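A short write-up of the structure that comes next.
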Amino acid sequence: MKNYLVSSLAALVLAATSQQALAASQPETVNIGYQKANIFALLKYRGTLDDEFKKQGIQVRWVEFPAGPQMLEGLNVGSIDLAATGDAPPAFAQAAQAELVYLGHSLANPKTEAIVVPQASSIKNVADLKGKRVALNKGSDVNYLLITALEKAGLSYKDIKPVYLPPADARAAFQRGAVDAWVIWDPYLAEVETNARARIVQNAEGLVPHYTFYLASRKFAEAHPQTAEKVLGELGKLSDWANGHPEETAKILSSSTGLPQPIWQKALARMPFGAQRMTPEVFSQQQALADKFTQIGLLPVKVEVSSATWTLDKKPQ
């Protein structure tokens, strides 16, 4: 009987200790960066993550950013804990010594970015871009698509005249004929196809995979691994829902961005959602992107992408 009581007491102490350790590893607030058109915006407006974390006494604070680079700067300085961006911004953040880790990635979606030209343009293929003015967002995912497409066509980055503009300014330049081509991603791609009858010269199929990466500050991921893993799990559930409910997803994202619902329906038809843990293959693909940016001088240093690997078995310091 005495041994039984001792064992029971030990079990209770162990359970209490485990609960205290779990509580200690949970943050009071999770700060998540989002853009109006990305998956975290969808997660924000659906409210499922907020509901789940509320049960655990965790508050979610959503912080909007205009683009990936600014978001990752916020991650680096500690104003947010989690972010989702395309392929290129994390490589640039790593080059700037940002302490981030890759939690996971979306499904590849190469159809969601493309090089487009006006409908009546004489440009028929990538080789025809030689000497032409090409608008793009510098250091973005489409920058990698353009470099890769040019190389496949036997051209180099020096063979074109890059015009570095954010999407809104590039859209205006494209409309008035100030540039010959534009390299852009959805939903802007769907919008310019619909409203300006832009013609796709080349999308990313067979050239680059184009992922969305789910990222965290290293400090947050190592201090709160269960919370980070929970967010990744909720992104997976949301992805399954979004893939099965395109009309509702389009409605939410239309409300978030102000773009008409039909534009979003067009974009979502080629935009599979997903949330998977990182693999050596995906790290290798991301390394290829970083190496290419270093090769052409857009990155000032070589980046070791795998140095941002997240390991769940790391303990808080």
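Points worth noting:
- Hits in the range 181-198 (condition: under 14 Å from ALA114 (Cα atoms) and open to solvent by less than 50 Å² (accessible area, probe 1.4 Å)): ALA181, TRP182, VAL183, ILE184, ASP186, PRO187, LEU189, ALA190, GLU191, VAL192, GLU193, ALA198
- Criterion applied to VAL231, VAL208 was being closer than 28 Å to ALA170 by Cα and among the hydrophobic types (A, V, I, L, M, F, W, C), and the one residue passing it is VAL208.
- Residue in the range 48-63 that is modelled with pLDDT under 95, aromatic (Phe, Trp, Tyr) and open to solvent by 10 Å² or more (accessible area, probe 1.4 Å) present: no
- Enumerated helices (runs of 4 or more DSSP H) restricted to the range 188-249, each holding at least 3 residues that are at pLDDT 95 or above, farther than 26 Å from TRP264 by Cβ and of a type outside the set (A, V, I, L, M): 218-223, 225-244
- Criterion: open to solvent by 10 Å² or more (accessible area, probe 1.4 Å), in contact (Cβ under 8 Å) with a residue 40 or more places away in the chain and either closer than 26 Å to PRO272 by Cα or in contact with a Gly (Cβ under 9 Å, 6 or more places away or on another chain) (or both) - qualifying residue of LYS230, LYS161: LYS230
- Note on the range 265-295: among residues that are in a helix (DSSP H, G or I) and closer than 16 Å to THR212 by Cβ, the one that is most open to solvent (accessible area, probe 1.4 Å) is GLN285.
- Screening SER254, SER239 for residues that are touching a residue at least 60 places away in the same chain (Cβ under 8 Å) and under 27 Å from VAL30 (Cβ atoms) leaves exactly one candidate, SER239.
- Looking only at residues of the range 296-317 that are surrounded by 12 or more Cβ atoms within 10 Å (Cβ to Cβ) and of a type in the set (Gly, Ala, Ser), we find that the one that is nearest to PRO90 (Cα to Cα) is ALA308.
- Residues of the range 159-187 satisfying the condition of being over 23 Å from the mean Cα position of the chain (by Cα), assigned to a helix (DSSP H, G or I) and not acidic (Asp, Glu): ALA172, ALA173, PHE174, GLN175, ARG176
- Qualifying residue in the range 229-244 (condition: in contact with a helix residue (DSSP H, G or I) (Cβ under 7 Å, 6 or more places away or on another chain) and among the acidic types (Asp, Glu)): yes
- Within this structure, GLY233 passes the test of being under 17 Å from the mean Cα position of the chain (by Cα) and among the small types (Gly, Ala, Ser).
- Scanning the range 85-101 for residues that are under 21 Å from ALA228 (Cβ atoms), outside any helix (DSSP H, G or I) and hydrophobic (A, V, I, L, M, F, W, C) yields ALA98, LEU100, VAL101.
- Residue match in the range 202-219 (condition: within 30 Å of LYS152 (Cβ to Cβ), open to solvent by 10 Å² or more (accessible area, probe 1.4 Å) and of a type in the set (Gly, Ala, Ser)): yes
- Of the listed requirements (1) touching a residue at least 40 places away in the same chain (Cβ under 8 Å); (2) open to solvent by 20 Å² or more (accessible area, probe 1.4 Å), ASN109 misses just one: (2).
- Any hit, the range 34-44, residues being in contact with a helix residue (DSSP H, G or I) (Cβ under 8 Å, 6 or more places away or on another chain), open to solvent by less than 30 Å² (accessible area, probe 1.4 Å) and assigned to a loop (DSSP other than H, G, I, E, B): no
- Whether a residue is closer than 12 Å to VAL201 by Cβ, of a type outside the set (Gly, Ala, Ser) and either open to solvent by less than 50 Å² (accessible area, probe 1.4 Å) or part of a loop (DSSP other than H, G, I, E, B) (or both) was assessed, and VAL134 passes this test.
The values are calculated or read from the model by the stated rules, or taken from the named source; none is laboratory data. All values derive from a computational prediction rather than experimental measurement. Neighbour counts run over all protein chains shown; Cβ positions are idealised from the backbone, glycine included. Note: accessible area is taken over every heavy atom of the protein model, side chains too, but ligands, DNA and RNA are not part of it. Shrake-Rupley method; radii C 1.70, N 1.55, O 1.52, S 1.80 Å.
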